[in-house]
1. Would you mind putting 48-58, 77-87, 231-241, 288-298 in packing order, based on average other-beta-carbon counts within 10 Å, highest first?
2. Given [x] 1.53; [y] 1.04; [z] 1.02 as candidate values of Rg/Rh (Cα atoms, Kirkwood Rh), which corresponds to the one derived from the coordinates?
3. Could you size up the charge dipole of the chain around its Cα centre, putting +1 on the beta carbon of Lys and Arg and -1 on that of Asp and Glu, and report it in debye to the nearest 20?
4. Please name which of V121, H47, W100 has its Cα lying farthest along the dipole of the chain towards the positive end, using unit charges on Cβ (Lys, Arg +1; Asp, Glu -1) and the Cα centre as origin.
5. Put +1 on the Cβ of each Lys and Arg and -1 on the Cβ of each Asp and Glu in segment 1-154; which of M38, H80, A20 then has its Cα farthest toward the positive end of the dipole?
6. What FRET efficiency comes out for V142 versus L226 if R0 is 30 angstrom and r is the Cβ-Cβ distance? Round to the nearest 0.05.
7. Under a point-charge model restricted to the Cβ atoms of Lys and Arg (+1) and Asp and Glu (-1), what is the dipole moment magnitude of segment 117-210 relative to its Cα centre, in debye to the nearest 20?
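What follows is calculated from the coordinates using simple rules that are stated; it is not laboratory data. Since we're looking at a predicted model, the values are computed, not measured. All Cβ positions, glycine included, derive from the backbone under ideal geometry; neighbour counts span all protein chains shown.
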Amino acid sequence: MSDLGLTDYARPARFPAPAAVLQLLKPVTWFAPMWAFMCGVLSSGVHLQNRWPVALAGIVLAGPALCATSQTVNDWFDRHVDAINEPNRPIPSGRIPGRWGLYIAILWTGLSLLLATALGVWVVCAAMAGLVLAWAYSAPPVRLKQRGWWGPISAALCYEGFAWFTGAAAMTGALPDGRIITLAGLYSFGAVGIMVLNDFKAVEGDRQMEILSVPVDLGADNAAWLSCFIMAAPQAVVATLLFAWGQPFHAAAVSVSLIVQGVLMRRLLSDPRKFAPWYNATGTLLYVLGMLAAGLAIGAQLGVRA
């Protein structure tokens, strides 16, 4: 009877526990696209007073829907790599049994598209593009994360550019102003550097699984130097554009943020493998505060002209 009880207890679960599903969806990663979406909302110049349900639905779309989908897709197709880098993740640990990781990814893809349809045609277009990139990033045979720079570029577009564009499009119900698209594009370009730094945590597993991430391909020092340039250059362009567009105080805020980031980058470059997680927790915060300043600047202009 004792042996039978032990066997029953050790038998793998047939269904994932809710806590394991929540961990699979990685709520901690939702902040970036939700923040970018709100920057898009603020840059639209549309007052929240009459559009707050749209803004709230868009935040859910950007984070718990689209971002969670991309995280689930990535965890499913990276389960063998995670068994090396992060064996306690829900799928390699067995807490998400069988093919449930794939089923959840498909379900969340459908729910994301369903929510996007309620927010307008431009939002649907952006959501579909983001989902295509999310699957292409992780799923074979495309698997962009194995193709050097294509991985960080696609991730940056999803986390920053498409989210910002979606926020503005949801509020206006139309194609956003060209200045909004310009800012979204510049901050997407800068976010490529952030995504490269994020790959530092998986270097050992990537090498073993022959995943050609940028840090693996270029080496830690070269990847870190290039990431710093990619993060800094578009912010300098943003500050210049804001000044040219008649927003000197917002331009100054972006400039100050960039200067402080430069100080932090010196420490990052002294030991990229050690300080990449630290920089992602400090320098990235300053980066997104600059995004907010830029969004408020354009929103103020467009709101006055509305």
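1. Descending mean neighbour count gives 288-298, 231-241, 77-87, 48-58.
2. [z]
3. Roughly 300 debye, rounded to the nearest 20.
4. It is H47.
5. Value computed over the given set: M38.
6. Once the sixth-power term is evaluated, E becomes 0.80.
7. So the dipole magnitude of segment 117-210 works out to roughly 80 debye.
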